[in-house]
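Contents: one structure, followed by commentary.
Where a number appears in this text, it was derived from the coordinates with a stated rule and is not lab data. Source: prediction; values computed, not measured. Here the Cβ is made from the backbone with ideal geometry for all residues, glycine too, and neighbour counts use every protein chain on show.
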Amino acid sequence: MFTLLLMALAADSLSNSVDRGISEVLARERAAGYSAVRYDVAFTVPADRRQPVEGVLRLTLTLSAPRRIVFDFSAPKERIRTVRVGDTAVVPVYVEDHVIIPAEATRQGDNRIEIRFAAGDEALNRNDDFLYTLFVPARAHLTFPCFDQPDIKARYTLSLDVPAGWQTVANAAEAGRDETGDRVRVRFAETKPLPTYLFGFVAGKFSVERATRNNRELRMFHRETDAAKVARNRDALFDLHAAALAWLEEYTSIPYPFDKLDFILIPSFQFGGMEHAGAILYNASGMMLDESATQNQLLNRASTIAHETAHMWFGDLVTMRWFNDVWMKEVFANFMAAKIVNPSFPDVNHELRFLLSNYPDAYSVDRTAGSNPIRQPLSNLNDAGQLYGPIIYEKAPIVMRQLEMVVGEQRFRDGLREYLKTYAFGNATWLDLVRILDAKTPDNLAAWSRAWVEERGRPQFTTSLRLSRSNTIQRLTITMTDPQGRRIIWPQRMRITLGYAGAQKDLAVYANARDTVVREAVGLPKPLFVLPNGAGLGYGLFLLDEESAGYLLANMPRLGDALTRGAAWVTLWDNVLEGRVAPGAFIDAALRALPEETDEQNTQRVLAYVSRAYWRYLPQQERLARAPVLETALRAGIARANTTSLKSAWFSAFRDDVLTKDGTAWLESVWKRDEKIPGLPFVETDEIAMAMELAVREVPGWQEILQTQLDRTQNPDRKARFAFVMPALSADPQVRGAAFERFHLLENRRREPWVTESLAYLNHPLREADSERFIRPGLELLADIQRTGDIFFPSNWTGTLLWGHRSPRAAATVRDFLAQELQYSERLRWTILSSADDLFRAAGLSVR
Ligand SMILES: [Zn+2]
């Protein structure tokens, strides 16, 4: 029966009022009124990616009373074909981002709605022969009509109609398939309850590898063309997943909550990974490692896998109620990942790894004027992407480690078990967890949570030492202040390291007031240095006294403990940024210490600091003057390194930092394969990186180098990426200008890693003067970038736009822009302020 109800005209205009995007108000309305939501959704994917993907949604839901049903769907009017409620055709109300079925068309109890639509491409990541969905944080409604909020968990039954020969993979297992001619229609089983952001599928030309681990079949989908590379990596990838699953089942005492686990390696994926329930997506380059993979790359890979696997419990099984708590799932995933990878890498100093992989990145935002609190209010999911960043990925794990120390390891685990069990397949907030943990400890966790979780920034620490006449310590005080003047106290457990010839003393301190007296220090002899973040525990800006800074710069190799050296380097770097240690003195100290450094993690970190000091903080003439010494040291490092990964780290530093004629000539002969480095084999990605670094230095014949590299690149994805980046490497400023101009078109910004790589070369420090012209238009584009791009794109965009600049004029351009552009949201301004931090500091130092 067909009846046309023209309700749009009759409906009360108030019942059509709904904000753009997904507001918290709308989310509350729906969560309160809709239940038992089930999506049965079918997509038809044409072979030609210019043709739209068509879809049919059959949705059932229960209403407590007749009420309007508000779907999220972008550009609904152009894309909706038909809407039926039960057997009745309905003309819905179209407003931006929404399709509204009026209350009059609904009834109490079960409702059946069918919508035929054309899917938008924005979240489908369509390529010629594959596509993948990426709906986090609220992008599912760009593809199909849905309730795009995390706390309406629903079951999904998916069908995909794709060209024959394509692989398909989704959250649930395949339940059946029909092949007709050049098409195949695949039906998947119904999923467990999922929020929209975890629903996903991949279709296209992929190779599939299978393996059984602990009686579970795991599948890997990939597009790698190098068979040796696949063979080298496949077992490790399956093993890492199996180990993470086993560990998590033990820790949570909850069996893997979903029916199967596949993982899909996507070339140039936007993130390291994405935890779609039962179908994890990874960036292929982080998984398929080369023979020359560094220890860091191996660790990062294991951590990424453990992180995404942990999400199956933390995020997928129990989901935040609203995206203001998105950090929770991220912190748990990282926190679990750290616990999981440790046993697989017995040779690694894990405390040092935690320090180096969390503190520098957390500080990179928390030290800036653009820092944000871990937990932020969020009135509309349109802004959810801006919550992500180092504060939730790197600071929150530090905070969580502090919390575990306060609560105790066992009680903390028991609290998490209770939390997961209580809210399984449902939603919870941070405060729900604090309540569970607070009941298990005498400390006031609510107050603790306010300073660490609800406020932005970090404390500043100074130490003061009072000595007796016989040079023993009478009093050692550490003073915590709030650089932003709010007088916040960040209660924290820390260790104060006192250095002596051939020995060190670590004193445990609980700093929970402005001044904390270190009682155990009384009577000890005067130390050679005081390092307040000993054992890498304390969190903040630790201003070193002059004597301690001087000692550490001159004597780092004498510190016998790698963790102490790591903590000292992190602290010295902060003191460089504060203008208390000269960047040149830091580089000298690093080059003296590196030959004696025995821990690869410290070597990698210090090489990164050297590179940063060299490009971002040294004036150009000082950089040129230091180049021969630096390159000699880096070449010696390549020769001396006794592992492939260490050689690779030294070589990468050389490749990126080289400036002299001799140095670049040697790099070129390596790229030409004339020169071999014993113990360091190169693969396609290495040669691409070398070609790009040679080109940006405008070595003679740079055009030929680029062309040769393009021709000899085998992998089609890498070839396309290289071709895209090439104009950004041109010596011709006009070509570079055009390479920048194309980013005004959304179509040219779709492959975000290609864009940021181009932007990084356009703004390379060697092109500092010429590329100042990109700063203002780049900042003007940011709002568009934020609106149309994925979650890390805005900070990656501003980061690469500004990285090569250090002039006061460039700094003034950014400040002027911020002063004049008043339409930008606070969060967007924060993104700019954190990305500009190095620029502001470097410009400030050069004025000083
Ligand atoms: Zn994550």
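Go through region 646-745 and name the chymotrypsin sites (Phe, Trp or Tyr not before Pro) that are in a DSSP coil and have 16 or fewer other Cβ atoms within 10 Å of their Cβ.
Numbers: sites: Trp650, Phe651, Phe654, Trp666, Trp671, Phe682, Trp702, Phe722, Phe724, Phe740, Phe743; in loops: Phe682.
The qualifying sites: there are none.
Give, rounded to the nearest 20 debye, the magnitude of the charge dipole that region 216-302 has about its Cα centre when Lys and Arg contribute +1 at Cβ and Asp and Glu contribute -1 at Cβ. Let's see the in-between values first.
Details: 8 positive and 12 negative charges, 35 e Å.
Once rounded to the nearest 20, the dipole reads 160 debye.
Mind ranking 320-332, 440-452 by how tightly packed they are, going by the mean number of other C-beta atoms within 10 angstrom, highest first?
On the way: 320-332: 22.9, 440-452: 15.7.
Ranking the peptides 320-332, 440-452 by packing returns 320-332, 440-452.
If I model a spin label at Ala585 and Asp732 as a point 7 Å from the Cα along the Cα→Cβ vector, what separation in nanometres do I get?
It is 4.8 nm.
Using 0.36 nm times the number of residues separating Glu250 and Thr685, minus their current alpha carbon distance, what extension gain do you get?
152.7 nm
Out of the GluC sites (Glu not before Pro) in region 94-156, which ones are loop residues according to DSSP with at most 16 other C-beta atoms within 10 Å? Before the final figure, lay out the partial values.
Values: sites: Glu96, Glu104, Glu114, Glu122; in loops: Glu96, Glu122.
The qualifying sites are Glu96.
Once the dipole of region 99-145 is set up with Lys and Arg at +1 and Asp and Glu at -1 on Cβ about the Cα centre, which of Ala138, Thr106, Ala119 lies farthest towards its positive end?
Thr106
How much FRET efficiency would the formula 1/(1 + (r/R0)^6) give for Glu351 and Glu547, where r is the Cβ-Cβ distance and R0 is 25 Å, rounded to 0.05?
Working: r = 26 Å, r/R0 = 1.06.
After rounding, the FRET efficiency stands at 0.40.
Rounded to the nearest 0.05, what FRET efficiency do Lys440 and Ala32 have when you use their Cβ-Cβ distance and R0 = 41 Å?
Numbers: r = 32 Å, r/R0 = 0.77.
Between Lys440 and Ala32 the formula returns 0.85.
For the chain, with the dipole built from +1 on Lys and Arg beta-carbon atoms and -1 on Asp and Glu ones, taken about the Cα centre, which of Phe817, Ser449, Ala65 lies farthest toward the positive end?
Value computed over the given set: Ser449.
Packing-wise, with mean Cβ within 10 Å as the measure, how do 156-164, 385-393, 275-283 rank, highest first?
Numbers: 156-164: 20.1, 385-393: 23.0, 275-283: 25.0.
So the peptides 156-164, 385-393, 275-283, ranked by packing, come out 275-283, 385-393, 156-164.
In sequence order, what are the phi-derived ³J(HN,Hα) couplings for region 254-271 according to the Karplus relation 6.51 cos²θ - 1.76 cosθ + 1.60 with θ = phi - 60°, rounded to whole Hz, with x for glycine and proline?
10, x, 2, x, 10, 7, 8, 9, 10, 9, 10, 9, 9, x, 6, 5, 5, 10
Would you give the gap between the C-alpha center of region 446-517 and the C-alpha center of region 608-664, rounded to a whole Å?
Comparing the Cα centres of region 446-517 and region 608-664, I get a distance of 36 Å.
Can you list the lysines whose alpha carbon sits under 19 Å from that of Lys205, skipping same-chain ones fewer than 8 residues off?
Partners found: Lys229, Lys719.
Full extension from Thr422 to Arg466: what is 0.36 nm times the residue separation minus their Cα-Cα distance, to one decimal in nm?
10.6 nm
Under 15 Å from the 7 Å Cα→Cβ point of Ala236, by amide nitrogen: which residues of region 274-290?
Only 284-290 pass the distance filter.
Take the alpha-carbon centre of region 781-803, take the same for region 211-246, and report the distance between them in whole Å.
Cα centroid to Cα centroid, the span is 33 Å.
Suppose only helical runs count, i.e. DSSP H with n ≥ 4. What mean residue ellipticity at 222 nm does that imply for the chain under -39500 (n - 2.57) per run, divided by all residues and rounded to the nearest 500 deg cm²/dmol? Show your work: numbers first, answer last.
On the way: 31 runs with 349 residues, N = 848.
So the calculated ellipticity at 222 nm is -12500 deg cm²/dmol.
Cα axis of helix 600-612 to longest principal axis of the chain: angle in degrees, 0 to 90, nearest 10?
The two axes meet at around 90 degrees.
Could you order peptides 341-349, 177-185, 25-33 by the average number of other Cβ atoms within 10 Å of their residues, highest first? Numbers along the way, then the final one.
Values: 341-349: 14.9, 177-185: 12.0, 25-33: 16.8.
By packing density, highest mean first, the sequence is 25-33, 341-349, 177-185.
With r as the distance between the Cβ atoms of Leu431 and Ala89 and R0 = 30 Å, compute the FRET efficiency 1/(1 + (r/R0)^6) and round to 0.05. Kindly include the intermediate steps, with their values, before the conclusion.
Values: r = 45 Å, r/R0 = 1.50.
E between Ala89 and Leu431, to the nearest 0.05, is 0.10.
Using the C-alpha gyration tensor of the chain, what are the square roots of 5 times its eigenvalues, in whole angstrom, with the largest one first?
Values: eigenvalues 422, 223, 138 Å².
In descending order the semi-axes read 46, 33, 26 Å.
Taking the Cα-to-Cβ direction at Ala447 and at Ala173 and moving 7 Å from each Cα, how far apart do the two end points lie in nm?
Reported label-point gap for Ala447 and Ala173 is 5.4 nm.
Within region 231-270, whose backbone N sits under 17 Å from a point 7 Å along Cα→Cβ of Gln714?
Of the residues in region 231-270, 231-234 have backbone N under 17 Å from the label point off Gln714.
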